Amino acid sequence: GSYEKYNDSEWHVVIATREHNELRLDIDDFKSYAVKVAEQAVPFDGPVYFGGVPEIYNIAAAASATDTNFYGCIGDATLNSKLVNFAQSQDRFNAHLQKCPLQKSSSVFEKPSVEEVRAEVSQTFLSDGCALPVEPAQEEVPTTEGFRFDEDYSSGYGFGSKRNSRIQFNALPGSTRADFKFSFDFKTTADEGIIFYASGKTHRDYITFYLKDGKIVFSFNTGTGAALMRSEQSYDDGAWHSAVVERRDEHGMLFIDGFQVANGTGKGDSKFIDLKEPVYYGGIAAEVADVVRPNTEGTELSFNGCLRNFRLNNQRVGGSHDAYGLIRCSANVEPGIFFGDGPRANVILRKRFSVGRVFEMTLDVKPRKNSGVIASVHGRRDFVILQLNNGSVELSVDNGKGVITARYTPPSPWML
């Protein structure tokens, strides 16, 4: 009577353990059942069955269990910490790989009526009928081939969706050997990232502009000494800014939003900058990171934000190029990560993390559902898990001696 029911067509995590003379069952890191066994475990060999057993076994008589097979889906199974690959199984009788139906049976589920739901909520709070859709609406985005940086396409392109996201141009629309002027618009909330990098074969000649500590830096080198200019102000405020970087003889100038914010002078007698393809925009390739770093104060990350209207000497930079890991730039985006309704959406922040005796974590959440795991750390039997459970925020910890839970239940289940 006190056992929970789990035939709700949702995924549940089950851990079945035998250690010495104890059998233990943990379900969803929330419910735990244990029973002592009189005798020690005896080693034995035999086949392992998932989902049911052949008819020659009468497990109902042997173990007081049901003799009907499991009806549903099994995934992410491990035996003694080793992942079970069902594709390599010896025999699959009436089982289908990667064909787990998602629809829920109407015979098992009855949707509560709106009146029933609203009876639990005071009128000062929204009911669940007012929640945002789980997946945000798709924006109308031009499907034009290639990349456009001219003014009539105002939303720009987003970089930094993946490490080493970038555009590699095979040629520029004008010469940068002597005097030049690049202009571009940028928008970011990051404090570091490469906007442009081009160099000669040995990387002694180069032109680069990048974001460092939220400031825009412009540098060039004719091979005999670098000129370096840095804005005093930070520009990682998430707003669009216009930038111009200019070289005249050995002098360099950096303009942002129409004002000169820095200038610098190169060293040595060499007058010309000799570059080779490709030139990098929005980031660099992983294979050149080691030789680029000395010229960019160690910065090698892709620009994490939006770039548009990229021009050299007032000509649009375009033409032959290769693009890696780009996303469309939208005004309806804010910092953070969106976890959709897909199977097991997650981010692994660290492969190994020791929680220790003192553990503190802060984060902002914008939930679109009432239940779900926010963050967790798992050992073999210990865990820390922060989750939403029917609108309540629950922090559960088990250091091996049982679950301790702290819970905040707001006045309305839909308050968060």
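The values are calculated or read from the model by the stated rules, or taken from the named source; none is laboratory data. The model shown is predicted, which means the values in this text are computed figures rather than measured ones. Ideal geometry is used to build each Cβ from the backbone, glycine not excepted, and the neighbour counts take in all protein chains shown. Note: accessible area is taken over every heavy atom of the protein model, side chains too, but ligands, DNA and RNA are not part of it. Shrake-Rupley method; radii C 1.70, N 1.55, O 1.52, S 1.80 Å.
Roughly how many Å is it from the Cα centre of the stretch 71-88 to that of the stretch 336-368, as a whole number? Using only Cα atoms to place each centre, the spacing works out to 24 Å. Taking a point 7 Å out from the Cα of Ser320 in the direction of its Cβ, the residues of the stretch 170-189 whose backbone N falls within less than 14 Å of it are 170-173. Please grab the % of Cα pairs in the stretch 212-280 that end up more than 21 Å from each other. The share of Cα pairs beyond 21 Å in the stretch 212-280 comes to 32 percent.
For the pair the stretch 3-67 and the stretch 381-397, the centres of their Cα atoms are 24 angstrom apart. Annotation: Val365 carries an accessible surface of approximately 80 Å², with a 1.4 Å probe and no ligand, DNA or RNA atoms counted. Shown for the stretch 258-335 is the translational diffusion coefficient from the Stokes-Einstein equation, using the Kirkwood radius over Cα pairs, a temperature of 37 °C and a viscosity of 0.692 mPa s: 204 µm²/s.
Peptides 367-375, 180-188 ranked from most to least packed, by the mean per-residue count of other Cβ atoms within 10 Å: 180-188, 367-375. Stokes-Einstein diffusion coefficient for the stretch 292-416 at 4 °C in a medium of 1.567 mPa s, Rh from the Kirkwood formula over Cα pairs: what value in µm²/s? D = 67 µm²/s. Scoring 82-92, 166-176, 189-199 by mean Cβ neighbours within 10 Å over their residues and listing the highest first yields 189-199, 166-176, 82-92. For the stretch 289-416, the residue among Gly372, Val347, Val358 whose Cα projects farthest onto the positive side of the dipole built from Cβ charges is Gly372. For the listed residue pairs Lys82/Lys366; Lys31/Lys369; Lys187/Lys271; Lys181/Lys215; Lys201/Lys271; Lys5/Lys351, the alpha carbons are over 26 angstrom apart in Lys82/Lys366; Lys187/Lys271; Lys5/Lys351. The tail of the calculated P(r) for the stretch 209-361 beyond 20 Å holds 64 percent of all Cα-Cα pairs. The relative contact order of the stretch 246-302, computed from alpha carbon pairs under 8 Å that lie at least 6 residues apart in sequence, is 21 percent.
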